Amino acid sequence: ALVENNGDIDAAMEWLRKTGMVKAEKKADRIAAEGRIAAAQASGKAVLVEVNSETDFVAKAPNFIEFTNAVAEAALKASAGDIDAVKAAAFPDAASIEEAAKAQTATIGEKIEVRRAARIENDGPLATYSHGGKIGVIVALKGGSDELAKGIAMHVAAMNPPYVKAEDVPADFIAKEKEIALAAMSDKEKAKPADILEKIVSGKINKIVSEVTLVGQPYVLDTNVTVGDALKKEGADVVSVVRLAVGEGIEKVQEDYLAEVAKAMQG
């Protein structure tokens, strides 16, 4: 770099940054399905960001963890929620978070991408939970306590309920489950009076709805009660929930390392 720039240190540093960015652009089409979910929270605001890498090895590196935490803090400070706003947010020693990610790509040698972000603001209890950096959750409540919000965030991380309440479950889902329940019945059951048959089907549907809703599931911190019971005990209600898991929706490349080694030896 110094030779290319006639010994000018500042020019050499700029040249290195530019060539590094060129390398980063060349990696733009590579698949980055590993990474980390980082969370930040302050003054009734909380954010989650997913930062991807190509390998789990990089995702566990201290400098990558430090970078993802800094991205979350920058997103929180910038009041950025959607991913475009997060990428455009200011970042220490970089023009933006997106430019900082490109610099990480150039330095590390893997594609580093800030892929998703979520933000919740709430006047009441608010909590974030990160499970090993692979799953991140934000829970906002009306009433209750921060401790309850944290517990429910842990539940969401563990159980990943598709819906919060029974009224959130789509009508077509209910219709399909009714169809399945009727088809699974014996001829003897189907021969029962219509009102009895309806009660049997409703019981089966209610059980299924409980299984797929947050408030209907047994609470992971106390399986003797449901999440709904735990909320009711503190006079609380769920305002909003968001859950991100690393690599959701990304088609990972399945590496056959044994075949690669065999091919290299044959070559």
### Task
Would you point out the residue of the stretch 116-135, among those that are assigned to a strand (DSSP E or B) and out of contact with any helix residue (DSSP H, G or I) (no Cβ under 7 Å at 6 or more places or on another chain), that is most open to solvent (accessible area, probe 1.4 Å)?
E121
### Message
Residues that are aliphatic (A, V, I, L, M), under 30 Å from S130 (Cα atoms) and open to solvent by 80 Å² or more (accessible area, probe 1.4 Å): does the stretch 161-183 have at least one?
### Response
no
### Task
State which residue pairs qualify: first residue among the aromatic types (F, W, Y) and inside the stretch 76-98, second residue open to solvent by less than 20 Å² (accessible area, probe 1.4 Å) in any location, beta carbons under 7 Å apart, and separation of 6 or more residues or different chains.
F91/A74; F91/I97; F91/A100
### Task
Name, by its number, the condition in (1) farther than 22 Å from A171 by Cβ; (2) of a type in the set (G, A, S); (3) surrounded by fewer than 14 Cβ atoms within 10 Å (Cβ to Cβ) that does not hold for G203.
(1)
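Looking at I138, I208, which one is buried (at least 16 other Cβ atoms within 10 Å of the Cβ), of a type in the set (A, V, I, L, M) and closer than 30 Å to D56 by Cβ?
Result of the check over I138, I208: I138.
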### Summary
Taking the stretch 163-187 and the residues there that are in contact (Cβ under 8 Å) with a residue 24 or more places away in the chain and not in a helix (DSSP H, G or I), the one that is nearest to A153 (Cα to Cα) would be V164
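Within the stretch 12-23, is even one residue of a type in the set (S, T, Y), under 36 Å from the mean Cα position of the chain (by Cα), modelled with pLDDT of 90 or more and over 22 Å from E248 (Cβ atoms)?
So far as the stretch 12-23 goes, no, none of its residues is of a type in the set (S, T, Y), under 36 Å from the mean Cα position of the chain (by Cα), modelled with pLDDT of 90 or more and over 22 Å from E248 (Cβ atoms).
The values are calculated or read from the model by the stated rules, or taken from the named source; none is laboratory data. Owing to the predicted nature of the structure, the values given are computational and were not obtained by experimental measurement. Using ideal geometry, Cβ is built from the backbone for each residue, glycine included, and neighbour counts are taken over all protein chains shown. For the accessible areas, the whole protein counts, side chains as well, though only heavy atoms, and no ligand, DNA or RNA atoms are used. Shrake-Rupley method; radii C 1.70, N 1.55, O 1.52, S 1.80 Å.
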